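Q: One structure follows; several queries about it will come next.
The values are calculated or read from the model by the stated rules, or taken from the named source; none is laboratory data. All of these numbers come straight from a predicted model, not from anything done at the bench. Virtual Cβ from ideal backbone geometry, glycine too; neighbours counted across all protein chains shown. When the accessible area is computed, the model is the full protein with side chains, heavy atoms only, and any ligands, DNA or RNA have been set aside. Shrake-Rupley method; radii C 1.70, N 1.55, O 1.52, S 1.80 Å.
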Amino acid sequence: VLVANSTPLNQFIAKNPAYFFGAPVERARINPDNLQVLVNHVKCAAFELPFEADERFGGEDLAQILEFLEEEGVLHRSAGRWHWTSESYPADAVSLRSVSSDNFVVQDVTREPRIIAEVDYDSAPSMLHEKAVYILEGRTYFVEKYHHQERRAEVREAEVDYYTDAIRHAKVKILDRFEEEAVALSRRSHGEVHVTSQVVGFKKIKFHTHENVGSGELRMPENEMHTTAYWLTVPREVMAALPFGLEERRDGIVALSYTLGQMAALFLMCDRHDLGVALGDNGQGEARVERGLQRTPAGRSEPAPGLDYEPHVFLYDNYPGGIGLSEPLFRLHGRLLSESLSLVSSCPCRDGCPSCVGPVGEVGSRGKEVALAILRAAVGPAA
Amino acid sequence: VTLQERLQRLRREDRGARSPGLEALEADLVGAPEEGLTLKQRLQRLVDAAARGRGPAERQCAPLEDLVPGRSVRNERGEFFLVEHELHLETWHGDLPLSRINGVSAQSVEVLSGEPSLAAFDLRRAAFLDTETTGLAGGTGTAAFLVGVGFVDGDRFRVRQYFMRDYHEEPALLRALSEDLSRFPYLVTFNGKLFDVPLLETRYRLCRLAHPLAEALHLDLLHPARRLWKARLESCRLQSLEDALLGLRRRGDVPGEEIPRIYFDYVRSRAARIVPRILEHNRLDIVSLAALSVLACQWVEEGRAEDPRDVYSLARVLERARLFERCEAEYRRTAEAGEGALRAAALLRLASRARRAGDGEGASALFEHAAASGEPHALRALAVDLEHRRKDPSAALLAVERALEGLPAEAIPPRLVADLRRRRARLRRKLGADS
């Protein structure tokens, strides 16, 4: 028996059981040409057997990577072969669970301090910030201290009936467009982006009901990464033609991004946190708007967008270098939008709820309406 | 965006995310700062270090050939660098004249190692081998860039050092080494069974050459050294043994853990300034290996041990080699000179020898004697003897109770405590059922 909770993912499956029962088993996704993954592979390979001058490995120019590693001092070229010249065993530094090998330890200080878990570097600010609820093996812990330099967080066991969801400010800059194409009245793209993100606050969310029961402000260290992203652009003319106010238009985009983030995770069969969601508000490539979606996160109200508002919704691979989620999303664009449209339009709520575009408190009173209008325009008359 | 730019970015991100910046630079260049230095002072240390590094260019970049009296050797696999060195056998290495190698008896190595295959092992026909490697991790990515071989040649002790000036010289080096090693029926190393020999085997395989050490009669001195000296000496590293047993102190020696880094620096910069010190380090290791091999043989031949811990260790080595008369004499010597647990252990070994020889009465007396110390191991052994040989469970129970009550439970190894408790319960049951 599956009892669906109120997230869009659960609601979608409850309404479309055929999707669930007809779906193939989960696909493991990794992009072997992710530069971090590839460079680490090359290091491990060089340790096992020196590279010859004309060898091939991976989808990038191997010679350049070998030269780079020589500059880094871990390889050395002698008579046309590349030898490993470091004392370390490179595979020791490769984690099978995350892209970067740097990590944080979680220290339980309820009694004698002991390490109970490790968290990868990129997830640490959102999972281990102070006042976060850290969940391990069904037990809830309250994070007391976050030590960035020491890569350590102190937690204490605590009985709580909520979990926390970090609010992240993400600034996305488009570096390279791999493909771009107009579809109906919208545009789909994928490419390489630079993401600066910072955890600026958190929400407290009640278990089971997913009600928002409070929030807090934070100022965590900024994190920068290059990764790949898929993005949807709603052209200026489409936005301008919407019969809504300027603030409402942006609410509609926030609402839309909530749905798209959830649905994309479903189609890719990945964790919702494998994808970052961010909004852009002009065609210049630079974007800022938060994921986390408090309508006006304490003290951070955004100015209303201008008349030339041309929003992007970015769904980026939440791992340095990208793990290959973006191109499949680009291909899934049509299905992603039409299924999102069917989810939102069939949802019985009036103004938005956690099951479709997010609660009213986060997307404004007309967020759902605007999101629907945008989706209809983006999907086009064919649907 | 080109691959080049993406790689550069990767580097920046790496640094940004992981290195704490100044601290890493300091640790790398000048060592961790002392407490209480201001930021300015810390930066000054880095500036000073950079200034020192810019010494006279010619000294920095001197090629190896100008610094070391060696020569290039060419064979069908290429070229490598060979350094040869010799000592007269009358030379003393620390407290030991190397000429003592001529007095070592042919059976000693078999006794030392406890391996019958090493019977008639002749140190004068052995190659003493030690490698310097690009890391301690092992695995195919670790290479031996320097292999030193020491051997007796008439009235000389010679050391030949095979050195690769760059990675492409490895096949020539291995080729020549294998020819050289084929002249020796015996091999001596220090931890070579686990480290040097498997590492060389991999290198030979990667260079598509036959491994010359596969069949060697091999004495790995580390294990006998541990058996002989571990009870007294804290460390059985080659240099600790050299210091404690040969009275040899090295001056200005390169710390072993820095050797890979020095070699990598040399390979990249061609500045060979510190390489001669690695050669010297390796040469000293080899001479010490030979001297310690001789010393270890002398210990088993002459019963040199004096400290009761050493006497006991020697007795164990002799017992392992089935030299029972000699081992019993050494156990008796331990029991006379030693005290506490050591004395009890020696008496227990004697008791066990007596029992095996069929002397039950003698064994029982020795068990009583050992147990008088109150040592829990001895009391347990006494209890076994009382229960099974002398069929006296109530006396056995008394011994077990004494062991458990004499010391707080934390002072006894947990497995022994468990054994004693089981034994006590069983004896109590047995006595209860009898009465």
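Q: Restricting to the stretch A:352-381, name every residue that is more than 14 Å from A:Tyr258 (Cα to Cα), part of a loop (DSSP other than H, G, I, E, B) and open to solvent by 20 Å² or more (accessible area, probe 1.4 Å).
A: Answer for the stretch A:352-381, where residues must be more than 14 Å from A:Tyr258 (Cα to Cα), part of a loop (DSSP other than H, G, I, E, B) and open to solvent by 20 Å² or more (accessible area, probe 1.4 Å): A:Ser365, A:Arg366, A:Pro381.
Q: On to the next question. Evaluate the stretch B:322-340: report whether one residue or more is outside any helix (DSSP H, G or I), on the phi < 0 side of the Ramachandran plot and in contact (Cβ under 8 Å) with a residue 60 or more places away in the chain.
A: Of the stretch B:322-340, the ones outside any helix (DSSP H, G or I) are B:322-323, B:338-339.
With the extra rule that they be on the phi < 0 side of the Ramachandran plot, the set shrinks to B:323, B:338-339.
Then drop every residue that is not in contact (Cβ under 8 Å) with a residue 60 or more places away in the chain, which leaves B:323.
Yes: one or more hits.
Q: Collect the residues in the stretch B:402-427 that are open to solvent by less than 30 Å² (accessible area, probe 1.4 Å) and of a type in the set (Gly, Ala, Ser), keeping them in residue-number order.
A: Of everything in the stretch B:402-427, just one residue is open to solvent by less than 30 Å² (accessible area, probe 1.4 Å) and of a type in the set (Gly, Ala, Ser), namely B:Ala403.
Q: Quick one: how many residues across the stretch A:55-66 are open to solvent by 60 Å² or more (accessible area, probe 1.4 Å) and facing another protein chain (nearest Cβ under 9 Å)?
A: 1
Q: One residue is enough: does the stretch A:141-161 have a residue meeting the conditions away from every other protein chain (no Cβ under 14 Å), at pLDDT below 90 and assigned to a strand (DSSP E or B)?
A: Looking through the stretch A:141-161, none of the residues is away from every other protein chain (no Cβ under 14 Å), at pLDDT below 90 and assigned to a strand (DSSP E or B).
Q: Further, regarding this structure: When A:Val133 is evaluated against the numbered criteria (1) open to solvent by less than 60 Å² (accessible area, probe 1.4 Å); (2) within 11 Å of chain B (Cβ to nearest Cβ), which criterion, by number, is the only one it fails?
A: Condition not satisfied by A:Val133: (2).
Q: While we're looking at this one, here's another question. Within the stretch A:190-208, count every residue that is over 14 Å from the mean Cα position of the chain (by Cα) and open to solvent by 30 Å² or more (accessible area, probe 1.4 Å).
A: Number satisfying all stated conditions: 4.
Q: Where residues in the stretch A:209-243 are among the β-branched types (Val, Ile, Thr) and surrounded by 15 or more Cβ atoms within 10 Å (Cβ to Cβ), which of them is nearest to A:Gln149 (Cα to Cα)?
A: As a first pass, look at the stretch A:209-243 and keep what is among the β-branched types (Val, Ile, Thr): A:209, A:213, A:227-228, A:233-234, A:238.
Now narrow it down to the ones that are surrounded by 15 or more Cβ atoms within 10 Å (Cβ to Cβ): A:227-228, A:233-234, A:238.
Numbers: A:Thr227: 24, A:Thr228: 28, A:Thr233: 39, A:Val234: 41, A:Val238: 47 Å.
If we take residues in the stretch A:209-243 being among the β-branched types (Val, Ile, Thr) and surrounded by 15 or more Cβ atoms within 10 Å (Cβ to Cβ), then A:Thr227 is nearest to A:Gln149 (Cα to Cα).
Q: Something else: Within the set of pairs 6+ apart or on separate chains, which have a first residue in the stretch A:1-23 that is among the aliphatic types (A, V, I, L, M), a second that is open to solvent by 50 Å² or more (accessible area, probe 1.4 Å), and C-beta atoms under 6 Å apart?
A: A:Ala4/A:Ala14; A:Ile13/A:Phe20
Q: Does the stretch B:64-111 hold any residues that are crowded, with 16+ Cβ neighbours inside 10 Å, more than 28 Å from the chain's Cα centre (by Cα) and of a type in the set (Gly, Ala, Ser), and which are they?
A: Matches in the stretch B:64-111: B:Gly70, B:Gly78.
Q: Could you list, ordered by first residue, the pairs with Cβ atoms under 6 Å in which the first is in the stretch A:306-327 and of a type in the set (Gly, Ala, Ser) and the second is assigned to a loop (DSSP other than H, G, I, E, B) and open to solvent by less than 10 Å² (accessible area, probe 1.4 Å), at least 6 apart or interchain?
A: Correct list of pairs: A:Gly321/A:Asn34; A:Gly322/A:Asn34.
Q: A follow-up question, please. Only one residue in A:Pro297, A:Pro328, A:Pro303, A:Pro311 is modelled with pLDDT under 85, open to solvent by less than 50 Å² (accessible area, probe 1.4 Å) and over 19 Å from A:Met225 (Cβ atoms). Which one? Give the steps one after another, and end with the answer.
A: Numbers: A:Pro328 fails: modelled with pLDDT under 85; A:Pro303 fails: open to solvent by less than 50 Å² (accessible area, probe 1.4 Å); A:Pro311 fails: modelled with pLDDT under 85.
Testing whether each residue is modelled with pLDDT under 85, open to solvent by less than 50 Å² (accessible area, probe 1.4 Å) and over 19 Å from A:Met225 (Cβ atoms) leaves just A:Pro297.
Q: Every residue in the stretch B:267-289 that is part of a helix (DSSP H, G or I), in contact with a helix residue (DSSP H, G or I) (Cβ under 7 Å, 6 or more places away or on another chain) and among the small types (Gly, Ala, Ser), please.
A: B:Ser288 - this is the single residue of the stretch B:267-289 that is part of a helix (DSSP H, G or I), in contact with a helix residue (DSSP H, G or I) (Cβ under 7 Å, 6 or more places away or on another chain) and among the small types (Gly, Ala, Ser).
Q: Name the strands (runs of 3 or more DSSP E) wholly within the stretch B:147-266 that hold at least 1 residues that are within 25 Å of B:Arg316 (Cα to Cα) and either modelled with pLDDT of 95 or more or open to solvent by 30 Å² or more (accessible area, probe 1.4 Å) (or both)?
A: Numbers: elements: B:156-163, B:186-189, B:217-220.
The strands (runs of 3 or more DSSP E) meeting that bar are B:186-189, B:217-220.
Q: Only one of A:Val200, A:Val254, A:Val195, A:Val234 is closer than 21 Å to A:Glu327 by Cα and more than 14 Å from chain B (Cβ to nearest Cβ); which? Before you say what the answer is, go through the steps one by one.
A: Working: A:Val200 fails: closer than 21 Å to A:Glu327 by Cα; A:Val254 fails: closer than 21 Å to A:Glu327 by Cα; A:Val195 fails: more than 14 Å from chain B (Cβ to nearest Cβ).
Sole residue among the options that is closer than 21 Å to A:Glu327 by Cα and more than 14 Å from chain B (Cβ to nearest Cβ): A:Val234.
Q: Still on this structure: Report yes if some residue within the stretch A:161-179 is surrounded by fewer than 18 Cβ atoms within 10 Å (Cβ to Cβ) and over 24 Å from the mean Cα position of the chain (by Cα); otherwise report no.
A: The answer is yes; a qualifying residue exists.
Q: Going through the stretch A:68-97 one residue at a time, which ones are open to solvent by 50 Å² or more (accessible area, probe 1.4 Å) and facing another protein chain (nearest Cβ under 9 Å)?
A: First, pick out the residues of the stretch A:68-97 that are open to solvent by 50 Å² or more (accessible area, probe 1.4 Å): A:70-72, A:77, A:79, A:81, A:87-89, A:92-94, A:96-97.
Residues satisfying the conditions are A:Glu70, A:Glu71, A:Glu72, A:Arg77, A:Ala79, A:Arg81, A:Glu87, A:Ser88, A:Tyr89, A:Asp92.
Q: Within the stretch B:267-285, can one find any residue that is in contact with a Ser or Thr (Cβ under 6 Å, 6 or more places away or on another chain) and not hydrophobic (A, V, I, L, M, F, W, C)?
A: From the stretch B:267-285, those in contact with a Ser or Thr (Cβ under 6 Å, 6 or more places away or on another chain) are none; that's our starting set.
No, every residue in the stretch B:267-285 fails to be in contact with a Ser or Thr (Cβ under 6 Å, 6 or more places away or on another chain) and not hydrophobic (A, V, I, L, M, F, W, C).
Q: Scanning for something surrounded by 19 or more Cβ atoms within 10 Å (Cβ to Cβ) and touching a Phe, Trp or Tyr at 6+ places or on another chain (Cβ under 9 Å), does the stretch B:363-377 turn up at least one residue?
A: no
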